[in-house]
Every structure is written in structure tokens, then in C-alpha cells.
Amino acid sequence: MIVPYSQVLVLAGLLFLMGMFCLLSRRNLIMMVLGLEIMLNASAVAFVGAALRWQHLDGQAVAIFIIAVAAAEVSIGLGLIVWIYRRTGTVDAGCIESDACRID
Amino acid sequence: MTIYSTLFYLLAVLILASTAIAVTRRNMVHAVIYLVISFFGSALLFYLFGAPLLAALEVIIYAGAIMILFLFIVMMLRMEGLEDRLFPLKQWLPAVGVCFVYGMVLVMLIVSDTTDAPPMPAAAAAPATFGQFLFQRHWLAIEIVSMLLLIALVGVLRLGRDAGGKTRPESEVAQ
């Protein structure tokens, strides 16, 4: 006996909340992609818990697809960040459109 | 309280603490290292939930490949003086607002859940069983995912060759 599934959902929800906070409150593009990774990992935790809750392997299959999509997403995202850095010389999301970095 | 539930609570505290430290670091190398700890905790959690193949993949892909890629990028780009202020004021309020609404919904869902579900029994799926299930029932999704990875590879190659518009002249490249 491990724990009720609702506690797994609470853990995944708190992890998702942290990833969302990291995505919304940072301006560094690398930290924003890092927040996306945390959110994807939280959903994978929820799916693996669901696979155990209903004793069915579909949840684990979805989790493996989430990991593959995360790998594709992070490679494209970091490639775009390097492209933006070469073009504008910065990875600050507030500095990309204008030449001068807007400091509020 | 069995040994499994004790392990679950320990791992949950480890994951949440290391993630919370990671998202508040100014130094990005520290953030990536703390996230590696968090992903190791997630891998142990997957093992506890009876998914040994996913636990191995989590260590290999998430903690290994993806985080090392982040470390490469952090070390490749120069970013002095960028993280002077952790939370820009213009973004601080909307971020807190959205996260507050999300947290309120989470708390309301927890409070309103009165069904007394029994704890989940421990079970494990052998990697061979899981692999056979995956390739029998989800073979089309596997093909689509492999196509997605191929497209990502081609896209990253195209982005990397392009050099962002500021292409150096040929003579400089040749030297």
C-alpha cells in the first residue's frame, strides 16, 4: 500500500505550480524553458501515478511520449535561444524587440 | 504507515524542496544542478510506482541529456549582469496573480474531494511487458514520436547553420 492517488495529484499539482511560476516570473529565456521542463515532468508524475491507480499500462505509455516530446521541445527551444542570442546578443525576453534593454 | 508511503513522503519533500530552490536561484548553473536532484527524485518516484523502465529513461533523458544540454547552453552564452534582479516588477504581479488563482483551484479541489479512496497497492510492470504493450497497442504513436524527433533534429541543424542573420563573410569563415 503506497498512498491514495489524490496525494500524488497534489504533488504533481505543486510541481506544476512551481514550473508555472518559474515560466511567468523570469525574463531569462533559458529559465523559462527550464520552467516548461518542470511542468512536463509534473504531468509525467501524474500519469505514472494514474497507471498504478488503475493498474493499466496506458499511463506509463503516455509518460514515455511526454519524455520524448520534452526532448524534442528542449532541443528546438535551445536552438532558438542560441539563434536569438547570435542575432540580438541577449537572452533577456524584454530586450529582444528593442535595441536598448528596457529596465522597468 | 507502510515503508512505501514513508518513501513516497520523503521523495515528495525532496522533489518539492529541490525544485523550489531551483526556480529561485539567480545563478543558472546552480538552478540546473538542483533540477538534476529533482529529476533523480522523480526517477525514484517512478520506480516506487512500479515503472522501472521509465525510471531509467528519466535518469538517462531528463537528468542526463536535457540537463547537460542546458549546462552547455548556459556555459556557451555570456550572461553577466543579466540576473541582477530576480523578479522584474512588471512581471511579478501577473505571475503571482496567476499562480494564486491556480493555487486556490488546487486547494478547492483538495477540500471538495470527500471520497475516501483506498491507498494504491504496490505493483510493478516489467520492462519487457511494458515494451511489448507499447509496440502492440501504441505502434502508430511510436512512429509519430520518432518522426517528431527526426523533424526536431533537422530543425535544429537548420537553426544552427543559419547563424542568426549576422553571417560572417566567407573569407573570415575560411580562416
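Structure data summary
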| quantity | calculated |
| --- | --- |
| Ellipticity estimate at 222 nm from DSSP helix runs (n ≥ 4, -39,500 (n - 2.57)) divided over chain B, nearest 500 | -23000 deg cm²/dmol |
| Dipole magnitude of segment A:5-98 about its Cα centre (Cβ charges: Lys, Arg +1; Asp, Glu -1), debye to nearest 20 | 140 |
| Centroid-to-centroid separation of segment A:1-78 and segment B:138-164 [C-alpha atoms, Å] | 21 |
| Whole-percent pair-distance distribution, where bins are 5 Å wide, for the alpha carbons of chain A | 2, 12, 17, 17, 16, 11, 8, 7, 5, 3, 1, 0 |
| Alpha-carbon Debye profile of segment B:126-168, log10 I(q)/I(0) at 0.34 Å⁻¹ | -1.02 |
| For chain B, the Rg and Dmax computed from alpha carbons only, in angstrom | 22.0, 73 |
| Pairwise FRET efficiency - B:N27 versus B:S112, Cβ, R0 = 51 Å, nearest 0.05 | 0.80 |
| Contour excess over end-to-end distance, with Cα ends at B:E143 and B:F100 and 0.36 nm allotted per residue | 11.5 nm |
| Over chain A: helical MRE at 222 nm, DSSP H runs n ≥ 4 each giving -39500 (n - 2.57), nearest 500 | -26500 deg cm²/dmol |
| Length-normalised contact order of chain A in % [C-alpha pairs under 8 Å, at least 6 apart] | 24 |
| Distance between modelled label sites at B:L150 and A:Q55, nm, 7 Å Cα→Cβ extension | 4.0 |
| Segment B:T6-B:L157, extension gain: residue separation times 0.36 nm, minus the distance between their alpha carbons | 49.7 nm |
| Percentage relative contact order, chain B, counting C-alpha pairs under 8 Å, at least six apart | 19 |
| Long-range tail of P(r) for the protein assembly as shown (Cα pairs > 32 Å, %) | 31 |
| Span-rule helices in chain B, defined as complete DSSP H runs reaching 27 Å or more along the axis (Cα) with Kyte mean at least 0.5 | B:3-23, B:28-48, B:89-112, B:139-162 |
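Laboratory data are not the source of any read-out in this text; all were calculated from the coordinates shown. The structure displayed is predicted, hence computed values, not measured ones. Backbone-built Cβ (ideal geometry, glycine too); neighbour counts: all protein chains shown.
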